[in-house]
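The values are calculated or read from the model by the stated rules, or taken from the named source; none is laboratory data. None of these values were measured; they are calculated from a predicted model. Glycine gets a Cβ as well: all are built from the backbone with ideal geometry, and neighbour counts include every protein chain shown. Protein only, heavy atoms only, side chains kept; ligands, DNA and RNA dropped before computing areas. Shrake-Rupley method; radii C 1.70, N 1.55, O 1.52, S 1.80 Å.
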Amino acid sequence: EGRLRSESGAEIPLREGIPVFLDEKGMPRRNKWVKWMYNRLAFAYDWMAEVGWQWSLGGAPLRREAYLEKITVRPGDRVLETAVGTGTNLLQLPREAAYFGVDIAWGMLLRCQEKLRRAGRTAELALADAEALPFWDGMFDVVLHMGGLQFFAHPETAVAEMARVARPGGRVWLVDETA
């Protein structure tokens, strides 16, 4: 559909206005499976999450507000959400920031793009793996990741990438629904 040209001259493919950084050739089998699963579930993900969060999952039922209310986003902050999914977290954060979201599943990004459009919100989205974020060091004031770390082939690599793209003194928020 088109291409972006980076400052280094590299060409990045665009698909429906979303840059594609995902290289599936060297992707671990586990991440390929997760990508496949979330692409298949994208159409019903929001409903499934709402129902699933009513269960106790080994503790009190989860509430999105329980973690989002703790996340400090200031006007003008650059905020990245890894595994952005359908964008529900972004919709509940203050409007006065610049939002970015990456996900490994194309279906989730399309749902996110549509949800943001309907809500009159914007975010720069990219098809990318959280284990190899396509951003400069120290680019974000806030990095958020909610859920699914247990599905990553290399969660420690993803966490290191989140720390890398956070600016010195920035805030990295990791929330997971499992031990």
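One table, with the values for the structure above:
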| read-out | value |
| --- | --- |
| L116 being open to solvent by 40 Å² or more (accessible area, probe 1.4 Å) and within 20 Å of L41 (Cα to Cα) | no |
| From the options R121, R171, residue that is part of a loop (DSSP other than H, G, I, E, B) and farther than 27 Å from E11 by Cα | R121 |
| Long-range neighbours under 7 Å by Cβ, at least six apart or interchain, first residue farther than 12 Å from F151 by Cα within segment 22-48, second part of a loop (DSSP other than H, G, I, E, B) and aliphatic (A, V, I, L, M) | L22/I104; L22/A128; N39/A105; A42/A105 |
| Only listed residue being over 18 Å from R171 (Cα atoms) and touching a Pro at 6+ places or on another chain (Cβ under 8 Å), chosen from A105, A126, A119 | A126 |
| Unique residue being under 21 Å from F21 (Cβ atoms) and either among the hydroxyl-bearing types (S, T, Y) or surrounded by fewer than 16 Cβ atoms within 10 Å (Cβ to Cβ) (or both) when the list is A98, A123 | A98 |
| Residue match in segment 66-76 (condition: of a type in the set (G, A, S) and modelled with pLDDT under 90) | yes |
| Among residues of segment 1-51, those that are in a strand (DSSP E or B), within 17 Å of L110 (Cα to Cα) and among the hydrophobic types (A, V, I, L, M, F, W, C), counted | 3 |
